Amino acid sequence: MRISRSAACLAVAIAAVCLSGLSGCTKADGASQTSLTVTGSTTVLPIAEVAAEDFQTANPGKRVLVAGVGSSAGIESVANGTSDIGTSSRDLKPEELTLGLVDTKIALDAIAVIVNPSNPVTGLTKAQVSDIFQGKIKNWKEVGGPDLEIGLVNRDEASGTREAFSKFVLGKADFDPTAAVLPGTGQVRSVVAQAAGAVGYISLGFVDSTVKALDVDGIPANEKTVADGTYPLWRNLHFFTKGEPKGLVKAYIDYVLSDEIQNTIVRDAGFLPITAGGK
Amino acid sequence: MADNKQAQAPEPDVTPYASDSSLSTISKATYFKEAALRNLFLLCACVAVAGVGLIFLFVGLKGWPIFEKVGVWQFLTGATWYPTKGSFGILPLIVNSLLAMAGALVLGAPLAIGTAVFLSEVASPRLRELVRPAVELLAGIPSVVYGFFGLVLLRPIIARLFGGLGFGLFTVWLILAVMILPTIAALTEDALRSVPEGIREASYAMGATKWQTIWRVLLPAAKIGIIDAIILGMGRAIGETMAVVMVAGNARVIPDGIFKPFLTLTTVIVMDMPYASGDHRTALFGVAIILFIISMLFVASIRVISRFGKEMG
Amino acid sequence: MQSRERMDKRITNGVALGVIWLAALATVAALGTILVYVIVNGIGQLTPAFIFGWPHGVNMEGGIWPTIQATLYVTALAMLITTPIAVLAAVYLAEYAVQGRLVSTIRFAADSLASVPSIVMGLFGLALFVEGIGMGFSVIAAALALSFLLLPIIVRTTEEAIRAVPKYIRWGSYGLGASKWQTVSRIVLPSAMPRITTGVILAAGRAAGETAVVIYTMGTMINAPVSPLDPGRTMPVHLMLMAQEGINMPAAYGTALLLVLMVLGFNLTARYIGRRNRRMQG
């Protein structure tokens, strides 16, 4: 039984690797922390991850594990202790204010309403945007565009971007339930870029030449109007911690707030440094 | 006969045995060893039963509270799925899953059966060596790759050709049809191959063309196997998640067109699970147990149909 | 009259066979389109930096090595767990079992397990292994969940392999006075081994491509798992997340291509073993 003997050897080898790995495995504990967990908003994820990478390079022996699970899940996990930092692209809800979380704002973000470049519409009022996303307006001709059915693109309910957009634009109203629900910024962007009647919303930082950002209430969406506060759809990006940040957690947060990171990684991710807004 | 040397009492020269019944011809040690081994193997086989039980237990337990809260009937027939507002009716999801499955079957089953007929009756051995591996390879492609392909290639094309966003039933039907094709084709080919050669020869001898033989003799003869294949394909279609979630559009309503986004029993879990908590999460486990029951119903129906078919002769 | 019937017969025959040819063509074309598309778009990504590098940067630029490691690790572990149990279970069903209620139940259970939607299996793994037993997101939780999925597949192929061993070989063995276990372990199993191996390798290909099961049991963190308790992100999960985020599409294409190549590798190896075996048996 030649084959089964070599299979047995392989099995023993794998088992040996597994067992040797087990001995070297330690899960993070509180006091002498060597690893820290950061979970939450997929919008903040790029900043958290790259900063984590560079932080680990600069501080060998320390591990920063980052995951993007949505702002709500991030807040929940930092509140119940599953992670050390909960990132969020939205402010705390009223019921979350009692969780004992400390907020550190780390960047500024604006939400742009995007349409296909072939769409002649250049701007909408906030009320029109609200009606479109509620499904009350179904055709572009109702807002001065061509006779073309509106293809509504929404984000998934876990998205902090959706939460913020809903708060800014819809208020208490609901999204049109027949809208397509997509789980990522890039997907929204590429769908809008390829379908003539599509409309969606993404972080301003991810707007590129494949889509067109609309003016909202006459204000164009660009860094200047966000920085001086005239553009209406903007928000802070947060790092939440349970209590004041200490030790490794504080070191990491300070690192993210440093000028170097703010002017490179934050901008690379399409956001504005927290210092630029002054709000 | 090494075992015999370990006998505790003088044993006669043994004749070989083929089952445990001839106890007198083997040593006690051998008997116990054989019995122990047999029971070990039986235990292994029962792992499957344990698995089914465990799934029912754990998924069911996690999902049970939602049935208690909302009521099984209301859960299954409620027409609104809006968990964030407390509405837990999965009827639109059930309808959407069935719609997706039906279309995939209409597209995929004829294609699969045609391919199976090709492989079993029409193709030369050389062609068979080319096409059969192709079918097997199609079966091996991970569903996430199918979904990815649908997302990046199919969706834009459909958007350009038919307007809209490119998500919807039509796109899902295309992808699912290709995914269930290998399942149905492989089983149909097996069924066709097990039809005795003599039947074919008799048909040709009576002057039938190849097609007449296939249509009037072979396919009816393989009917049970083909139905089994189709039901298995149905089960696969309704249980598919990754491929569907990337091209369906995920709107929690019954779509009013084949190019409009929709959500199914499987995609709702994948979309909502990352952030669901409390009742919402329980409801998702409830959906999972419903899916499990549906798939077991498919398996049971295959058994019933096979037994029925055998009785019919 | 007769010749018109003959004409009709022939026309129908021709048309129908044409349709059948089209069906087969469509199948091959579907495969070809998918493969060509994935290869053409992904081939540019296949540099050593991509395969052995780590992802870094805002959008997972760089490489996907940790996902490759995670995929291989969980696949190997799952096969290690399932194969012995499945093979022994198949031995029972093929050699020892008597038709009866118990065997019917076992077969029904195996078929049910085989048709469980993989997302249900994923939630099961989450409920039992990750949360219930408390393993957390880990390779071992994913491997255990996967092994339930793979069990019926390997049982089926192993049983077929065992049944394919000719009866006269067993009779010869019993005729020489061998016990049942001796016959099975020294004659039947070795004879069936190539077919069993083929089945196992194909199942491994299935395990490597699984997404829904792994995402709820192993998590989505980028990590090269070392201990079975480590979380990790496998290639299919990475592909799904890259495709959903939609920002770094070249990485998605590269991952898709590598995944397809891996599965193709499993498939071709299985086929090679099967062919070599057939050639040896004459």
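General observations
- Of the residues making up the stretch A:70-87, those that are touching a residue at least 60 places away in the same chain (Cβ under 8 Å) and in contact with an Asp or Glu (Cβ under 9 Å, 6 or more places away or on another chain) are A:GLY70, A:SER71, A:SER72, A:ILE75, A:VAL78, A:ALA79, A:GLY86.
- Search result, residues across the stretch B:140-176 that are aliphatic (A, V, I, L, M) and surrounded by fewer than 17 Cβ atoms within 10 Å (Cβ to Cβ): B:LEU153, B:ILE157, B:LEU161
- Failed item, numbered, when B:GLY225 is tested on (1) over 16 Å from the mean Cα position of the chain (by Cα); (2) away from chain C (no Cβ under 13 Å); (3) in contact (Cβ under 8 Å) with a residue 24 or more places away in the chain: (1)
- Residue check: A:TYR201 meets all listed conditions (1) at the interface with chain C (Cβ under 10 Å from one of its Cβ atoms); (2) in a strand (DSSP E or B) but one, namely (1).
- Checked against (1) surrounded by fewer than 24 Cβ atoms within 10 Å (Cβ to Cβ); (2) part of a helix (DSSP H, G or I); (3) touching a strand residue (DSSP E or B) at 6+ places or on another chain (Cβ under 9 Å), A:GLU95 passes all but condition (3).
- Condition met for B:THR84 (surrounded by fewer than 17 Cβ atoms within 10 Å (Cβ to Cβ) and assigned to a helix (DSSP H, G or I)): yes
- Scanning the stretch B:115-139 for residues that are of a type outside the set (A, V, I, L, M) and either surrounded by fewer than 19 Cβ atoms within 10 Å (Cβ to Cβ) or more than 7 Å from chain C (Cβ to nearest Cβ) (or both) turns up B:SER120, B:GLU121, B:SER124, B:PRO125, B:ARG126, B:ARG128, B:GLU129, B:ARG132, B:PRO133, B:GLU136.
- Only residues that are part of a helix (DSSP H, G or I) and crowded, with 22+ Cβ neighbours inside 10 Å were counted across the stretch A:262-273, and they come to 2.
- Applying the condition of being in contact with a helix residue (DSSP H, G or I) (Cβ under 7 Å, 6 or more places away or on another chain) and under 16 Å from A:ASP156 (Cα atoms) to the stretch A:182-198 and asking which residue is nearest to the other protein chains (Cβ to nearest Cβ) yields A:GLY186.
- Residue check for B:LEU151: under 19 Å from B:GLY103 (Cα atoms), aliphatic (A, V, I, L, M), part of a helix (DSSP H, G or I) and facing chain C (nearest Cβ under 9 Å): yes
- The stretch C:12-48, subset surrounded by 12 or more Cβ atoms within 10 Å (Cβ to Cβ) and more than 10 Å from every other protein chain (Cβ to nearest Cβ), residue nearest to the chain's Cα centre (by Cα): C:ILE39
- Inside the stretch A:74-92, residues that are under 18 Å from C:VAL130 (Cβ atoms) and surrounded by fewer than 23 Cβ atoms within 10 Å (Cβ to Cβ) make up a count of 5.
- Single residue of the stretch B:255-276 satisfying the filter (free of Cβ contacts under 8 Å to residues at least 12 places away in the same chain and either under 17 Å from B:LEU91 (Cβ atoms) or more than 7 Å from chain A (Cβ to nearest Cβ) (or both)) that is surrounded by the fewest Cβ atoms within 10 Å (Cβ to Cβ): B:ASP256
- Pair list, Cβ under 7 Å, 6 or more apart: the stretch B:65-76 residue at negative phi, other residue not in a helix (DSSP H, G or I): B:ILE66/B:PHE88; B:VAL70/B:PHE88; B:GLN74/B:GLY89; B:PHE75/B:PHE88; B:PHE75/B:GLY89; B:PHE75/B:ILE90; B:LEU76/B:ILE90
- Residues in the stretch C:160-185 that are at the interface with chain B (Cβ under 10 Å from one of its Cβ atoms) and either assigned to a helix (DSSP H, G or I) or among the basic types (Lys, Arg) (or both): 11 in all.
Results for (1) hydrophobic (A, V, I, L, M, F, W, C); (2) assigned to a helix (DSSP H, G or I); (3) facing another protein chain (nearest Cβ under 9 Å), shown as yes or no for each residue.
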position: B:MET246; (1), (2), (3): yes, yes, yes
position: B:HIS280; (1), (2), (3): no, yes, no
position: B:LEU291; (1), (2), (3): yes, yes, yes
position: B:LEU297; (1), (2), (3): yes, yes, no
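Residues are listed down the side, and each one gets a yes or a no for (1) in a loop (DSSP other than H, G, I, E, B); (2) at pLDDT 90 or above; (3) in contact with a Gly (Cβ under 8 Å, 6 or more places away or on another chain):
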site	(1), (2), (3)
A:GLU142	no, yes, no
A:VAL153	no, yes, yes
A:ARG162	no, no, no
A:PHE165	no, yes, no
A:PHE168	no, no, no
A:ALA173	yes, yes, no
A:VAL181	no, yes, yes
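The values are calculated or read from the model by the stated rules, or taken from the named source; none is laboratory data. Owing to the predicted nature of the structure, the values given are computational and were not obtained by experimental measurement. Glycine also receives a Cβ, built like all others from the backbone with ideal geometry; neighbour counts cover every protein chain displayed.
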